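Everything on this sheet refers to the single structure shown next.
Nothing in this text is a laboratory measurement; each read-out follows from the coordinates by a stated rule. As the structure is a computational prediction, the values presented were derived from the model and not from experiment. Note that we place each Cβ from the backbone using ideal geometry, even for glycine, and neighbour counts take in every protein chain shown.
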Amino acid sequence: MVLFMEGLMAHFQHKNKKYSNGFGPMLKGFKQVEFNNIKKLILAINKKTAGIMIEPIQGEGGIRPANLSFLKSLRKICNENNILLFFDEVQCGFGRSGKLFSHEWAKIKPDIMSVAKGIGSGFPLGACMSTNKACVAMTKGSHGSTYGGNPLAMSVGLEVLKHISNKTFLSKVDKTARYFWENLKKLENTSNIISEVRGAGLLLGIKTNISNIDFSEKLKKNKLLNDRYSSTKILSLSNSGRSKNFIFNYLIKKGVSKSQIQNNLNLMKQDNNNWEFESAKIFAKKKKILEKNESYEKKLAKMARAGFSYDICKKILG
Ligand SMILES: Cc1ncc(COP(=O)(O)O)c(C=O)c1O
């Protein structure tokens, strides 16, 4: 039995049918436990537990970082119970968090780890790594693949590693990220739209009180967002798969400069109130709030429940 954290990208028994429909039967032998909840995890362990899987910073789950104390406890529990610890760093690895691997923030090591995305920096490449001890049953040649280990991909991977593992590179990511963080946190405190900023390094998530689609449209209009194929803007967006959470995943380019960030923060600040007003307008239109034969209070409550401030609701409802 392998335990994995709720919100893990590579789910095995998706509760969310959006991900699992059409892919059944689901692989047996996996049990989901609550993310960041050490008590529940301990209760879920039994003598059949062979491994624990976790993304140190969940990507699709909404840029949710595991608490460092949680990661440390996982390592301790795995050691004590002879359980393998598996980290999925497909999304959070390779410099995005300010360290080569995100788990380094907790000063622990996994037994097995999957990586991809950043390792090829655009070139399709992934890898599964393990300690010698954890891979005793997996000898050379026991797992083949048509394209596995092909020379072109390996050269790309080596080149990427050369750049990312350079200390100056990572310290620049860390320094720029801290600057962006501090300022985004200030914005979080004053903004009606941004309710939470989370993540690590330049792997950032912004939780909004309004629809993520509306928010991203606005950012795109203001040229703050990278659209998929453009390389001129500093933020690139992937809306969270769990759109109800209103989470954006921002993977900010690692080469971004402080002044670019400052420009973007200024634009965000200026636009904060406009965003809220325009988003409230879109919301009211979509939900046909103005046309409904309902009391003013009921309309107001609907708008307020969607996260709009009293002043903005009043402006919309007239
Ligand atoms: C954390 C995580 N794990 C695994 C995967 C799946 O990776 P792949 O598409 O290389 O199979 C993804 C894809 O987005 C991911 O974000």
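A few notes on this one:
- Here the Karplus relation 6.51 cos²θ - 1.76 cosθ + 1.60, evaluated at θ = phi - 60°, turns the backbone of the range 88-97 into coupling constants of 9, 10, 4, 9, 9, x, 6, x, 4, 8 Hz, with x for every Gly and Pro.
- Other residues whose C-beta falls under 13 angstrom from the C-beta of Pro56 contribute a net charge of +3, scoring Lys and Arg +1 and Asp and Glu -1.
- Rounded to the nearest 20, the size of the Cβ-charge dipole of the range 2-164 about its Cα centre is 440 debye, with Lys and Arg at +1 and Asp and Glu at -1.
- Summarising the amide proton neighbourhood of Lys31: residues at separation of 5 or more, or on other chains, whose placed amide H is nearer than 5 Å comprise Val2, Leu3, Phe4.
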